[in-house]
Amino acid sequence: MRESTRNILKIVVTGPVGAGKTTFIRTISEIEVIDTDRKPTDETAQMKSGTTVAMDFGRITLGDEMWVQIYGTPGQQRFDFMWDLLIQGAHGYVLLVPAHLPGSIREARNIRTFMQQRTNVPFVVGITHADHPDAWDLEDIQMGLEDYQATASYIVLNANERPSVAETLLALLGQLQATMAA
């Protein structure tokens, strides 16, 4: 089958620094992930040795005629111009929130607001690092995201486990399908 006959879905994975965006994409992608990891030059260096400065890119195939292209955003707000570029034309997005970094929940809320100001596509909130001893529980995260009515779909996931990442993407694709059928 020629590539030009395939349908392509664009999914964006976003969230604050340390949420697991690059890991999420590396775990599920069937191609070698293209990334722009660089050594951090700010406070991020205290958390990790590499950080995304432009984007990550991976892809999975669904059936014979569908590709899902997955784009990961940088987590640092100073790269928000990339958030803006990557969300354009997206069919949906996953907002990853690291439960073990309570200070990043406000950043996740700001990212969600940023995305919602630019698009009205389905999204799910993926809670990562929920097994960490300092992790916040789901109710506290919902309050931190100011989602008092729990209007978003929340999924606890492990970005290192393919079935967990797949379940998250399937939840998003289910929302996308419901939106298209309406």
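The values are calculated or read from the model by the stated rules, or taken from the named source; none is laboratory data. Since the model is a prediction, treat every value here as computed from it, not as a measurement. Note that we place each Cβ from the backbone using ideal geometry, even for glycine, and neighbour counts take in every protein chain shown.
If you scan the stretch 69-81, which residues turn out to be within 14 Å of the chain's Cα centre (by Cα) and surrounded by fewer than 21 Cβ atoms within 10 Å (Cβ to Cβ)?
Selection gives Gln69, Gln76.
Please go through the stretch 15-62 and give me each residue that is at pLDDT 90 or above and hydroxyl-bearing (Ser, Thr, Tyr), ordered by number.
Thr22, Thr23, Thr27, Ser29, Thr61, listed by residue number.
Condition check ((1) farther than 20 Å from Ile8 by Cβ; (2) in a loop (DSSP other than H, G, I, E, B); (3) among the polar types (S, T, N, Q)) across all residues:
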residue	(1), (2), (3)
Tyr71	no, no, no
Asp84	yes, no, no
Ile105	yes, no, no
Arg109	yes, no, no
Ala135	yes, yes, no
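Please enumerate the residues belonging to the stretch 120-143 that are more than 20 Å from Lys21 (Cα to Cα) and within 18 Å of the chain's Cα centre (by Cα).
Asn120
List every residue pair whose Cβ atoms lie under 6 Å apart, where the two residues are 6 or more positions apart in sequence or sit on different chains, the first residue falls within the stretch 8-24 and is β-branched (Val, Ile, Thr) and surrounded by 24 or more Cβ atoms within 10 Å (Cβ to Cβ), and the second residue, located anywhere, is at pLDDT 95 or above and in a loop (DSSP other than H, G, I, E, B).
Within 6 Å, the pairs are Val12/Ala90.
Give the stretch 159-170 a look and list any residue that's in contact with a Ser or Thr (Cβ under 7 Å, 6 or more places away or on another chain) and crowded, with 19+ Cβ neighbours inside 10 Å, or say none.
Across the stretch 159-170, the qualifying residues are Ala159, Val165.
Tell me yes or no: at least one residue of the stretch 115-133 is at pLDDT 90 or above, assigned to a helix (DSSP H, G or I) and surrounded by 17 or more Cβ atoms within 10 Å (Cβ to Cβ).
Checking the stretch 115-133: at least one residue is at pLDDT 90 or above, assigned to a helix (DSSP H, G or I) and surrounded by 17 or more Cβ atoms within 10 Å (Cβ to Cβ).
Which of the residues that make up the stretch 148-168 are in contact (Cβ under 8 Å) with a residue 12 or more places away in the chain and in a loop (DSSP other than H, G, I, E, B)?
Matches in the stretch 148-168: Ala152, Leu157, Asn158, Ala159, Asn160, Glu161.
Just one of (1) in a helix (DSSP H, G or I); (2) β-branched (Val, Ile, Thr); (3) within 14 Å of the chain's Cα centre (by Cα) trips up Thr179, so point out which.
(3)
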